[in-house]
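The values are calculated or read from the model by the stated rules, or taken from the named source; none is laboratory data. Here the structure is a predicted model, which is why all the values come from computation and not from measurement. Cβ placement follows ideal geometry from the backbone for every residue including glycine, while neighbour counts extend to all protein chains displayed. Only protein heavy atoms, including side chains, enter the accessible area calculation; ligands, DNA and RNA are left aside. Shrake-Rupley method; radii C 1.70, N 1.55, O 1.52, S 1.80 Å.
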Amino acid sequence: MGISVVLFVMLALTVVGYLLGTRQAYAVTGNKPHQLHSLPSYHGLYLASWVLLPALVVMVIWLIAEPHVAEMRLIANLPDDFSQRSSDEQRLLIGDIEARALGGIVSGALDPMFQAAGEVYAETLAASRWLMIAVMVALMAGGGLLALRRVQPDMRARNKVEQTASIIMIIASTIAILTTIGIIFSLLFETGRFFSKVPITEFLFGTQWSPQIALRADQVGSSGAFGAIPLFAGTLLITLIAMCVAVPIGLFSAIYMSEYAGKKLRASVKPILEILAGVPTVVYGFFAALTVAPFFRNTGESIGLTVSSESALAAGIVMGIMIIPFVSSLSDDVMNAVPQSLRDGAYALGATKAETVRQVILPAALPGIVGSVLLAVSRAVGETMIVVMAAGLAANLTANPLEAVTTVTVQIVTLLVGDQEFDTAKTLAAFALGLTLFFVTLCLNVIALHVVRKYREKYD
């Protein structure tokens, strides 16, 4: 039975619990809800929380433990010669048996004894799922009945519901914080392993990027080059081109929507403009590779220029189009937050609308505009698909936008494609690049948030 069916059953029983709790709140007061300490809806939420939360906790723990228990039973039913195989062969065989049992693709034919063990594995999973449903239904019914008996006119249902919601939010925020800490420590650990193999000075200041590690000492390219300067230069070049497109168009769009457009036109244009942020980046990549890049190549050839089929110019322009909403929407919001009294004062002194925008609105909204630009820069730095499809993979150290370049994010993807062992400098280089990118984007976001916060404190 699929997880979606289990979740549907949980949702249905939770709704039933809410309705029963609300009905019981009316019943204990003789249909006089004013005698209750809390509204009937809070009694329904109280009962629904007792129905849902214990079962949800059990389901999460069960789903975490279920694969391990099923795999242990699978191994117990394997032939004796299984233990004599190497660890890699054991992992591969177990993966094939589990895939065959679940209807997936296997790497080769399986022995009948292994197939029988796979059938036991599938039966274990099916029995576990039905047992989980039975336990969850029992918990939900027991929790609902217990909470139903507590519904009384003087019960502080609202306080209990709000306390439960507060605990849930604390747990969610704690998980988010711990996840962030885990990401940072994993990056630091793997980056430390990389710098134990490659000097940090070579990584930060080297001008050759060729992360190829040979399998034999006599093989050509047995020592790779891990100078990341070409990657940093390519990332900076494409980001600069993107911002040259996004900042003027986004800022002028924001000025028009904020100061010149009517309310109806603004209500229609702004959502349409923000649709650009919702288009998948792979679609922008197709557009850049199939339309923009050939256009620049053909145009360059017609005037005698040599333009690569994959260029920083094509990727940067399309990326700039993608991040226009980051500049326009945020800048429009901060310009609308400027007090009307500043505009009225400028008009009273005889300033025109253009002079008011240039000398009053923009200086007042400048911190917020700077924050929107920095957020757009961090978005451009982290983009991958557009660069892969339009700028290529060549790590060229060049400032010519007509040539192919690559970025940090593209190389991270390239280094980790396929089955890799994280014990060579080639794969560990991805973590060093990731930590560098994390640090840069973190600094940009912190600066942007600081500037925006300073603006809000001044004009709220």
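From the list 391, 395, 364, 380, which one is of a type in the set (A, V, I, L, M), open to solvent by less than 50 Å² (accessible area, probe 1.4 Å) and touching a strand residue (DSSP E or B) at 6+ places or on another chain (Cβ under 8 Å)?
Details: 391 fails: touching a strand residue (DSSP E or B) at 6+ places or on another chain (Cβ under 8 Å); 364 fails: touching a strand residue (DSSP E or B) at 6+ places or on another chain (Cβ under 8 Å); 380 fails: touching a strand residue (DSSP E or B) at 6+ places or on another chain (Cβ under 8 Å).
395 is the lone residue from the list that is of a type in the set (A, V, I, L, M), open to solvent by less than 50 Å² (accessible area, probe 1.4 Å) and touching a strand residue (DSSP E or B) at 6+ places or on another chain (Cβ under 8 Å).
Of the residues in region 143-170, how many are open to solvent by 40 Å² or more (accessible area, probe 1.4 Å) and either part of a helix (DSSP H, G or I) or aromatic (Phe, Trp, Tyr) (or both)?
Qualifying residue count, region 143-170: 17.
Within region 344-361, take every residue that is under 20 Å from residue 257 (Cβ atoms) and of a type in the set (Gly, Ala, Ser) and give me the one that is surrounded by the fewest Cβ atoms within 10 Å (Cβ to Cβ).
354
Within the bounds of region 156-169, is there any residue that is at pLDDT 85 or above and acidic (Asp, Glu)?
Yes: region 156-169 contains one or more residues that are at pLDDT 85 or above and acidic (Asp, Glu).
Which members of region 240-272 meet the condition of being in a helix (DSSP H, G or I), free of Cβ contacts under 8 Å to residues at least 12 places away in the same chain and aliphatic (A, V, I, L, M)?
265, 267, 272
Out of 435, 449, 375, I need the residue that is modelled with pLDDT under 85, more than 30 Å from residue 290 (Cα to Cα) and in a helix (DSSP H, G or I). Which one?
On the way: 435 fails: modelled with pLDDT under 85; 375 fails: more than 30 Å from residue 290 (Cα to Cα).
Of the residues listed, the single one that is modelled with pLDDT under 85, more than 30 Å from residue 290 (Cα to Cα) and in a helix (DSSP H, G or I) is 449.
From the list 45, 11, 7, pick out the single residue that is surrounded by 14 or more Cβ atoms within 10 Å (Cβ to Cβ) and either outside any helix (DSSP H, G or I) or modelled with pLDDT of 75 or more (or both).
On the way: 11 fails: surrounded by 14 or more Cβ atoms within 10 Å (Cβ to Cβ); 7 fails: surrounded by 14 or more Cβ atoms within 10 Å (Cβ to Cβ).
The conditions single out 45.
Output the number of residues of region 245-269 satisfying the condition of being closer than 17 Å to residue 335 by Cβ and surrounded by fewer than 19 Cβ atoms within 10 Å (Cβ to Cβ).
So the count comes out to 13.
From 318, 283, 307, which residue is crowded, with 19+ Cβ neighbours inside 10 Å and in a helix (DSSP H, G or I)? Steps first, answer last, please.
Numbers: 283 fails: crowded, with 19+ Cβ neighbours inside 10 Å; 307 fails: in a helix (DSSP H, G or I).
One residue alone meets the criteria, 318.
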